[in-house]
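Trainee: Please see the structure below; I have some questions.
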Amino acid sequence: MTARESILQDIRTNQPATRTLPAVPKFHLDQPLDLPQLFVQSLKTMAGECVPDCPADLDVFIRKRFPAAKRICSAVPEYKGTCTPVDLSRWSDACDIDVTVVRSPLGVAETGSVLLSEHELQVNSIGFLAHDIVILLDPRDIVENIHDAYAHPYFQETGYCLLMTGPSGSGDIGAVTVHPAQASMTLTAIFASRS
Amino acid sequence: MSRVDQAEAAASFIEDHLHEEHLDKILWAARMRRDQAARQVPEWEELRELASQIKEHTLSNLGHYLEEFEKNAQANGVTVHWARDAHEHNEIVYRLLSEKQVTTLVKSKSMLTEECETRPFLETRGIRVTETDLGERIQQLDNQPPSHITGPAIHKTTEDVADLFSRVYGSDKTKADPVYLANVMRENTRPDFLKAEAGMTGGNFLVAKTGAVVTVTNEGNADLSANIPLLRISSVGIEKIIPADEHLAVFIRLLTRSATGEKITQFTSTFRRPRKDGEMHIILVDNGRSARLGMERFWPSLKCIRCAACMNTCPVYRRSGGLSYGSNYMGPVGIIMMPTFDIHKYSELPFSSTLNGSCTNVCPVKIDIHEQIYAWREVMEDRNQIKIVKKEAMIVAGKVLSNPKLYRIATSSTEIALKVLPHFAIYNPLNYWGKHRDVPDAAEETFHEWYKNHRLKVSEDLGL
């Protein structure tokens, strides 16, 4: 008997009488909500920052915000940067990136999260190995809560996607959350309409 | 296998007041943050009930959902493996690595691989394994197992870590600063990520409908481990499965709030397919879970989502530290899990609890933890797994407490004994309570005597 057959047989012998699967409500709040404002507040609690007014010149904004940045990887058509994901021959080459600029198709007001996938990142490692990450987000793409977020088709279609919520952090030393951890040191979301 | 004596192991931790106070303080703060986060969600209790029902439904149809998961994962291009036990699991991992001549592996934190002792298994076979979670890496460098499910090195002070890093990495021992130390780790771990030939993760959830593995981290180390090398291996216990994404949302809302009080972790990631030119393997591990499913009283412990809220609130855990449990899973949930792995070795653990019920109250999936702890005590009694000294003491206590006359004689004589007996007689080896505490002075009179002299007299005077 294979391990698979053996495990499934043991499970079917032992599993308790079937229980009902409950329906999951969306838990939307009754009152009208300012979703972009809630998103800004939630992201702030996770040490991320949101720029609600899109800068007229993204290049000037990024150069000013990250003056030491030499290699800026742009995964969006509206900003050139110094390289694009397709320039990376190996995924580990993303380690030299100072700033990654990418667009998210979805924000979550409840948590301040943004959705990213292989479609936006193209080379997944640019979302983690870059020193800093800048996310463009159309405020119209912000949903109320996590229940709404998991209704997005990406979770059923893409090979890899994630809800990213602020910069990489760790509370493993002295239970104090700090933000140099293994991935990006800062996360900046910019409200920028889709063209 | 010798029996773990949690109380004895906790004694040395308790003697070190610095670490005891440190752990108690930071874990209670986490419990407070959890309460605050829960209060901010009006549907919190409804979410807990939903989570419990979803888990119970899935576990009662586990075979069906595992097959659905396997079919969908295979359709995504993932190779699915099944492992009956820890050894089979480790053999599969080693075979996958060997086939690709892998000698360097980065892995994110996984309690399952701790349970399977995967790291030492691979290291003795020439694989260099780097733990990439900061806390887990600290424990690896210090040759210690994790002491907490979500914060493996939480029992260490910042000064402890500064000392460790200075010895291992040559950093400044005097800089006990979490930011500095996290940077030291980042700089030293980054090269391992870049040159690793394989990446390994655990999985917080498996989604049957989509064939996905979901990981939850604050550091992004699971994403780094799984995205940089071409070979990706995820090892997941079979009980981690849930039906669909709509159910995942319930658990994501509960998990981090219960663990740390944050609304969500920084990286909540869904892996469904291997990257281009890469391979993705998922190992479904039983290792005693299917047997536990058949334990009428104890199968609900399989609902656990590893948030550690029960540890953070437990007065015994907070003051004795996770290493004292001598087990892969510690604290209240460890107490009810570990005897299913080895009933004799972990037979003392169910007694490391005050049964105050706080663990049950904070559990996001409504496991009746303290009631299961009590039920495990009954099992230990039935299976003759209780130490003779403790058993005899309980028999005597049972007789005394159930007989009013005996009880009054005992309390009165204790009062006299404490006054006249020498120190060595009071603090004898059978006095467990007095092992780490001073026995208080006996009261001048017992409550019964006081009641007899006061209230009863008053009642009589009033003709009541």
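The values are calculated or read from the model by the stated rules, or taken from the named source; none is laboratory data. Fair warning: this is a prediction, and the values are worked out from it, not measured in the lab. Note that we place each Cβ from the backbone using ideal geometry, even for glycine, and neighbour counts take in every protein chain shown.
Trainee: Would you tally the residues in the range A:31-50 being assigned to a helix (DSSP H, G or I) and not basic (Lys, Arg)?
Mentor: Residues flagged as assigned to a helix (DSSP H, G or I) and not basic (Lys, Arg) within the range A:31-50 amount to 10.
Trainee: Here's a check for you: in the range B:244-264, which residue that is more than 7 Å from chain A (Cβ to nearest Cβ) and without any contact (Cβ under 8 Å) to a residue 60 or more places away in the chain is surrounded by the most Cβ atoms within 10 Å (Cβ to Cβ)?
Mentor: That would be B:Thr256.
Trainee: Could you go through the range B:276-283 and let me know if any residue there is at the interface with chain A (Cβ under 7 Å from one of its Cβ atoms) and not β-branched (Val, Ile, Thr).
Mentor: In the first step, residues of the range B:276-283 are kept if they are at the interface with chain A (Cβ under 7 Å from one of its Cβ atoms); the result is none.
Scanning the range B:276-283 turns up no residue that is at the interface with chain A (Cβ under 7 Å from one of its Cβ atoms) and not β-branched (Val, Ile, Thr).
Trainee: Hey, can you tell me all the residues within the range A:51-76 that are free of Cβ contacts under 8 Å to residues at least 40 places away in the same chain, within 22 Å of A:Ser125 (Cα to Cα) and part of a loop (DSSP other than H, G, I, E, B)?
Mentor: Within the range A:51-76, A:Ala68, A:Lys70, A:Arg71 qualify.
Trainee: With B:Gly294, B:Gly326 as the choices, which residue is under 28 Å from B:Leu23 (Cβ atoms) and touching a helix residue (DSSP H, G or I) at 6+ places or on another chain (Cβ under 9 Å)?
Mentor: The unique qualifying residue is B:Gly326.
Trainee: Any idea which of (1) touching a helix residue (DSSP H, G or I) at 6+ places or on another chain (Cβ under 7 Å); (2) buried (at least 18 other Cβ atoms within 10 Å of the Cβ); (3) within 19 Å of A:Ser170 (Cβ to Cβ); (4) not basic (Lys, Arg) is the one B:Cys116 doesn't satisfy?
Mentor: All conditions are met except number (3).
Trainee: Same structure again: Which helices (runs of 4 or more DSSP H) sit wholly inside the range B:276-395 and have at least 2 residues that are within 23 Å of B:Ser110 (Cβ to Cβ)? So that I can check it myself, show each step before the final result.
Mentor: Working: elements: B:289-293, B:309-313, B:315-320, B:331-341, B:358-362, B:369-382.
Answer list for the range B:276-395: B:289-293, B:309-313, B:331-341.
Trainee: How many residues does the range A:157-195 hold that are assigned to a strand (DSSP E or B) and more than 7 Å from chain B (Cβ to nearest Cβ)?
Mentor: 6
Trainee: Just to check your reading of the model, which residue among B:Pro332, B:Pro315, B:Pro339 is without any contact (Cβ under 8 Å) to a residue 60 or more places away in the chain, over 13 Å from the mean Cα position of the chain (by Cα) and under 20 Å from B:Glu296 (Cα atoms)?
Mentor: On the way: B:Pro332 fails: over 13 Å from the mean Cα position of the chain (by Cα); B:Pro315 fails: under 20 Å from B:Glu296 (Cα atoms).
Of the residues listed, the single one that is without any contact (Cβ under 8 Å) to a residue 60 or more places away in the chain, over 13 Å from the mean Cα position of the chain (by Cα) and under 20 Å from B:Glu296 (Cα atoms) is B:Pro339.
Trainee: So which pairs qualify, if the first residue must be in the range A:1-20 and buried (at least 16 other Cβ atoms within 10 Å of the Cβ), the second must be assigned to a loop (DSSP other than H, G, I, E, B) and basic (Lys, Arg), the Cβ gap must be under 9 Å, and the two must be at least 6 apart or on different chains?
Mentor: Qualifying pairs under 9 Å: A:Ala3/B:Arg84; A:Ile7/B:Arg84; A:Asp10/B:Arg84.
Trainee: Let me ask something else. Under the condition of being out of contact with any Lys or Arg (no Cβ under 8 Å at 6 or more places or on another chain) and hydrophobic (A, V, I, L, M, F, W, C), which residue from the range B:14-35 is nearest to B:Leu255 (Cα to Cα)?
Mentor: B:Ala30
Trainee: Which ones in the range A:165-191 are within 16 Å of the chain's Cα centre (by Cα), among the hydrophobic types (A, V, I, L, M, F, W, C) and farther than 20 Å from B:Val106 by Cβ?
Mentor: A:Leu187, A:Ala189, A:Ile190, A:Phe191
Trainee: Taking the range A:93-105, which residues are surrounded by fewer than 21 Cβ atoms within 10 Å (Cβ to Cβ) and within 13 Å of chain B (Cβ to nearest Cβ)?
Mentor: A:Asp93, A:Cys95, A:Asp96 - these are the residues of the range A:93-105 that are surrounded by fewer than 21 Cβ atoms within 10 Å (Cβ to Cβ) and within 13 Å of chain B (Cβ to nearest Cβ).
Trainee: Right, another one. Kindly evaluate B:Ile14 against the criterion of being within 12 Å of chain A (Cβ to nearest Cβ), assigned to a helix (DSSP H, G or I) and in contact (Cβ under 8 Å) with a residue 12 or more places away in the chain.
Mentor: Details: within 12 Å of chain A (Cβ to nearest Cβ): no; assigned to a helix (DSSP H, G or I): yes; in contact (Cβ under 8 Å) with a residue 12 or more places away in the chain: yes.
Answer is no for this residue.
Trainee: Which one of these does A:Gly127 not meet: (1) buried (at least 23 other Cβ atoms within 10 Å of the Cβ); (2) free of Cβ contacts under 8 Å to residues at least 12 places away in the same chain?
Mentor: (2)
Trainee: Same structure, new question: Could you look through the range B:380-403, keep only residues that are more than 25 Å from B:Phe341 (Cβ to Cβ) and of a type in the set (S, T, N, Q), and pick out the one that is surrounded by the most Cβ atoms within 10 Å (Cβ to Cβ)?
Mentor: The residue in question is B:Asn403.
Trainee: Here is a follow-up. Which one of these is hydroxyl-bearing (Ser, Thr, Tyr) and out of contact with any strand residue (DSSP E or B) (no Cβ under 8 Å at 6 or more places or on another chain): B:Ser110, B:Ser60?
Mentor: On the way: B:Ser110 fails: out of contact with any strand residue (DSSP E or B) (no Cβ under 8 Å at 6 or more places or on another chain).
Residue meeting the stated conditions: B:Ser60.
Trainee: Moving on. Return the total of residues in the range A:4-30 being touching a helix residue (DSSP H, G or I) at 6+ places or on another chain (Cβ under 7 Å) and facing chain B (nearest Cβ under 7 Å).
Mentor: Within the range A:4-30, residues that are touching a helix residue (DSSP H, G or I) at 6+ places or on another chain (Cβ under 7 Å) and facing chain B (nearest Cβ under 7 Å) number 16.
Matching residues to (1) farther than 19 Å from B:Arg306 by Cβ; (2) touching a residue at least 40 places away in the same chain (Cβ under 8 Å); (3) among the small types (Gly, Ala, Ser):
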site	(1), (2), (3)
B:Ser60	yes, no, yes
B:Glu70	yes, yes, no
B:Asp85	yes, yes, no
B:His89	no, yes, no
B:Leu97	yes, yes, no
B:Val106	yes, yes, no
B:Glu131	no, no, no
B:Asp142	yes, no, no
B:Ser147	no, yes, yes
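Trainee: Let me ask another. Can you name the condition, by its number, that B:Phe424 falls short on among (1) modelled with pLDDT of 75 or more; (2) over 30 Å from B:Pro332 (Cα atoms)?
Mentor: Failing condition for B:Phe424: (1).
Trainee: What are the residues in the range B:206-220 that are farther than 19 Å from A:Pro153 by Cβ and more than 7 Å from chain A (Cβ to nearest Cβ), if any?
Mentor: Scanning the range B:206-220 gives B:Leu206, B:Thr215, B:Val216, B:Thr217.
Trainee: Only one of B:Leu50, B:Leu18 is surrounded by 19 or more Cβ atoms within 10 Å (Cβ to Cβ) and either hydrophobic (A, V, I, L, M, F, W, C) or on the phi < 0 side of the Ramachandran plot (or both). Can you tell me which?
Mentor: B:Leu50
Trainee: Please enumerate the residues belonging to the range B:166-186 that are at the interface with chain A (Cβ under 9 Å from one of its Cβ atoms) and exposed (fewer than 14 other Cβ atoms within 10 Å of the Cβ).
Mentor: Hit for the range B:166-186 is B:Val179, nothing else.
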